[in-house]
1. Within the set of other residues whose C-beta is less than 10 Å from the C-beta of residue 243, count the net charge using Lys and Arg as +1 and Asp and Glu as -1.
2. Can you pull the one-decimal nm distance between simple spin-label points at residue 157 and residue 214, each 7 Å off the Cα toward Cβ?
3. At a Förster distance of 22 Å, what's the computed FRET efficiency of residue 87 paired with residue 296, Cβ-Cβ distance as r, to 0.05?
4. Which peptide among 251-258, 83-90, 233-240, 204-211 comes first, and what is the full order, when sorted by highest mean count of other Cβ atoms within 10 Å?
5. Between beta-carbons, use under 15 Å as the cut-off and find the net charge around residue 57, counting Lys and Arg +1, Asp and Glu -1.
6. Can you give the net charge of the other residues whose Cβ lies under 15 Å from the Cβ of residue 108, counting K and R as +1 and D and E as -1?
7. Pick from 216, 74, 186 the residue whose mean-square fluctuation is largest in a GNM of the chain, springs joining Cα atoms under 10 Å.
8. Between [x] 30.1; [y] 19.7; [z] 18.5, which matches mean projected area of the Cα convex hull in nm² calculated for the structure shown?
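Derivation of every value follows stated rules applied to the coordinates shown; laboratory data play no part. Note that the structure is a prediction, hence the values are computed from the model and not measured. Backbone-built Cβ (ideal geometry, glycine too); neighbour counts: all protein chains shown.
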Amino acid sequence: MSTLAERADARAPRRLAFRLGHMSDRAIAWLFITPSVLLLLAINIFPLLWTVQLSFTNYRANRPNAPLRYVGLDNYRDILSDPDVWHAMQATAHFVLWSIVLEMLIGFGLALLINRRFRGHSFWTTMILLPMMLSPAVVGNFWTFLLQPQIGLFNSVVAFFTGADPSSFQMIGDVALAPWAIIMVDVWMWTPFMVLIILAALGSVPAAELEAAQIDRLSLWRQFRYVIFPHARFIIILGVILRTIDAFKVTDLVYQLTRGGPGGTTEVIGVMMFRKAFEAFSVGWTSGVAVITLFTAISFTAIFLYLLNTHKRKKAYE
């Protein structure tokens, strides 16, 4: 004979099934997604709200027991009147613009190459996508070694093709070349992401139209403009938005490469926030910069989506 505990255990699944059977689909859905929503609130929303709160205070990480004083909008006034902040914003805008443009152009070419079957297709596809799988800190250290003027491979390759002295230029030590060095490394690392996005976009294009464009020998630009983009614009725009937001907050890659130098030419907004928060311990001031950066990214995304939806409505009326 079964014990009382065994009979209770046998009835438990039936009770649960009975209760779920009398719940609506909406209630069951909320039952399963509630833990994920709570986790999202805990790891994303709470830190965001805490950052906003700290931006109105004089909190310093090296004096955690000091009385917390609310300073109102003083941090925001200091930030918006600080020339170093505007310089960092300018460096960030230069980095974001050229990184996204080059990643789109190179990614489009590589995606068209990968989209065609050839010998060694799987091997070369893996090699192209490999940089995206690495940590930015690892990539920064790796390229710091490659860009050394005396022993780095990059200068030797340039010298081989141009005949220049390998030690005659420093990619990460020259004021004019350093901003382009961090762009080059970011393009090397994140172009594979754009390759995947454009491959997904190519997958949404009718094969007959793409083949017809290739048979008619349309240029790559015309294929993109008249065949690929009309069918896949939402996928492509989504990829551009995601990469723009990610590039806007870049910190570890630039810090490993140049530490924001030389002369602050590569001190993007992420590196500035790192210095202020973890070297100067001005957490309240840094929180204000983080809030401004967040709303800048949100505003950019909103404008982009608005223009995209406006274009979509115009096409629908035509």
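1. Working: positive: none; negative: 103, 186, 246.
Residues near residue 243 contribute -3 overall.
2. Using points 7 Å along Cα→Cβ, the separation is 2.8 nm.
3. Numbers: r = 15 Å, r/R0 = 0.70.
The calculated FRET efficiency here is 0.90.
4. On the way: 251-258: 21.5, 83-90: 14.9, 233-240: 17.9, 204-211: 12.6.
Peptide ranking by packing, descending: 251-258, 233-240, 83-90, 204-211.
5. On the way: positive: 60, 63, 69, 77, 276; negative: 74, 78.
Taking every Cβ under 15 Å from that of residue 57, the sum is +3.
6. Values: positive: 116, 222, 225, 233, 243; negative: 103.
Every neighbour counted, the sum reads +4.
7. 216
8. Here the calculated entry is [x].
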